[in-house]
Amino acid sequence: MKIIGIGIIAFSLVVLQLWIYKRNWAKNLYVSVSFLQDAIYEGEEGELIEVIENRKVLPLPMLKVKFQTSRNLGFSDEKGSKTTDQYYRNDIFQVGGGEKITRTLRFVGNKRGYYRINNIDLLASDLFFLNEDGKNMETSQYLYVYPQIYKQAEFRSSLQKLNGEIIVKRHLLEDPFEYRGIREYQPFDDIRSVNWKATARTGNVKVNQKNYTAMQTIRIFLNLEDDGVWKKEREVEISMQIAMGIASFFLAQGIRISCYANSRDILTEEPIEIEGLSMGKQVDVLGKALARVDVTKGTGAFGELFKEKILSERESLFTFFISPNGYEDFLELLEECKTQGIAYHWYHVQG
């Protein structure tokens with residue numbers, strides 16, 4: 001009888017703790033999974049932070065934290081993960097009462113894109129691992145992976161050569177009645193722009209910086225149409241890297257940038273149209289827009305979208321076209337630009 005009594009007590013305790021855990025395991029339990037940075041460049045390292053905080057006395061002998069994100073994020077710690085069409089993570093924690101655990105997972109942004117974590121699944125067991133109860137948590141974590149800034153030597157050399165032509169036109173478009181400061185003299189500066197008082201005061205040749213007309217901008221047009229039998233996925237990606245390279249080069253010189261692309265934004269499903277970027281750090285605006293390009297959604301007809309804009313704005317400093325394909329309608333548009341005297345350069349991206 002004594003053994004039976006002990007068995008009944010033990011069984012009752014097991015049932016009791018099962019009841020306690022079922023009702024209380026998720027109370028005052030706070031779990032988050034978040035990207036430390038909201039944006040990195042392709043090929044750079046980022047960090048994902050897992051935080052588990054159990055703000056109650058009841059310990060959790062086993063807590064599973066599951067989530068999924070893109071397989072294009074290459075995690076260095078592969079323990080507890082599986083990669084198929086997505087990257088699936090399943091981390092197991094033992095969390096004491098009142099304990100907080102923080103874990104850092106490092107990864108590399110292997111491919112340009114816009115990546116999200118939308119859900120976290122939690123599974124917790126009782127003291128004797130007899131039962132698991134689950135809970136789904138919605139979250140809204142995102143990461144932009146910008147295209148790399150294209151830095152190939154031949155490309156940089158071509159920008160330097162084109163820069164001379166752009167500098168000349170830039171000075172022709174200066175507003176002679178408005179000044180925005182004083183800077184060091186550069187070899188391309190007109191001697192008439194020297195500020196003699198500032199030069200005498202500092203001992204170094206200084207020039208007045210003039211404001212520019214509102215239309216003074218460099219335009220970048222990306223034609224990412226890729227309708228051939230053999231897809232040029234790599235060339236499409238390089239095209240976006242070149243756009244980042246052009247923008248970062250000229251934004252660093254204080255020149256305004258506009259960028260247009262006939263690709264689809266993964267969030268808005270609209271073509272890319274960005275105007276009036278004016279500071280070096282605003283290359284991030286372009287980086288985010290290009291990160292959200294979804295090449296699988298197809299592209300709009302380049303001429304229909306941008307022909308009027310290309311041919312009507314004559315006061316721009318320079319126009320860059322970037323395209324991996326030279327389809328007939330696109331080539332006809334370039335010929336029309338030439339006929340109308342629009343200064344442009346086409347980066348024909350080829351494998």
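The values are calculated or read from the model by the stated rules, or taken from the named source; none is laboratory data. Just so you know, these numbers come straight off a predicted model, no measurement behind them. Cβ atoms come from the backbone with ideal geometry, glycine included; neighbour counts cover every protein chain shown.
Things to note:
- All told, Leu305 falls short of being modelled with pLDDT of 85 or more, within 21 Å of the chain's Cα centre (by Cα) and not small (Gly, Ala, Ser).
- Residue list for segment 113-150, filter: surrounded by fewer than 18 Cβ atoms within 10 Å (Cβ to Cβ), of a type outside the set (S, T, N, Q) and either assigned by TED's automatic domain parsing to the domain that holds Met240 or part of a strand (DSSP E or B) (or both): Arg116, Asp121, Leu123, Glu132, Asp133, Gly134, Lys135, Met137, Glu138, Tyr142
- If the condition is being of a type in the set (Lys, Arg), under 29 Å from Glu42 (Cβ atoms) and either in a helix (DSSP H, G or I) or not assigned by TED's automatic domain parsing to the domain that holds Pro324 (or both), then segment 289-311 contributes Lys297, Lys309.
- For Phe107, the conditions (1) assigned to a strand (DSSP E or B); (2) at pLDDT below 95 all hold with the exception of (2).
- Selected residue (only one of Gln68, Gln86 is within 23 Å of Val293 (Cα to Cα), surrounded by fewer than 15 Cβ atoms within 10 Å (Cβ to Cβ), assigned by TED's automatic domain parsing to the domain that holds Leu130 and not charged (D, E, K, R)): Gln86
- Total residues in segment 318-351, condition assigned to a strand (DSSP E or B) and surrounded by 15 or more Cβ atoms within 10 Å (Cβ to Cβ): 10
- The residues of segment 209-231 that are surrounded by fewer than 18 Cβ atoms within 10 Å (Cβ to Cβ) and either modelled with pLDDT of 95 or more or assigned to a loop (DSSP other than H, G, I, E, B) (or both), listed by number, are Thr213, Ala214, Met215, Asp227, Gly228, Val229, Trp230, Lys231.
- Filtered by the rule that a residue be aliphatic (A, V, I, L, M) and touching an Asp or Glu at 6+ places or on another chain (Cβ under 9 Å), segment 268-290 gives Ile272, Ala289.
- Condition check for Val285 on (1) at pLDDT 95 or above; (2) among the β-branched types (Val, Ile, Thr); (3) out of contact with any strand residue (DSSP E or B) (no Cβ under 7 Å at 6 or more places or on another chain): one failure, at (3).
- Number of residues in segment 1-30 that are in contact with a Ser or Thr (Cβ under 9 Å, 6 or more places away or on another chain) and hydrophobic (A, V, I, L, M, F, W, C) equals 1.
- The number of residues in segment 16-39 being in contact with a strand residue (DSSP E or B) (Cβ under 9 Å, 6 or more places away or on another chain), within 20 Å of Ile92 (Cα to Cα) and not in a loop (DSSP other than H, G, I, E, B) comes to 9.
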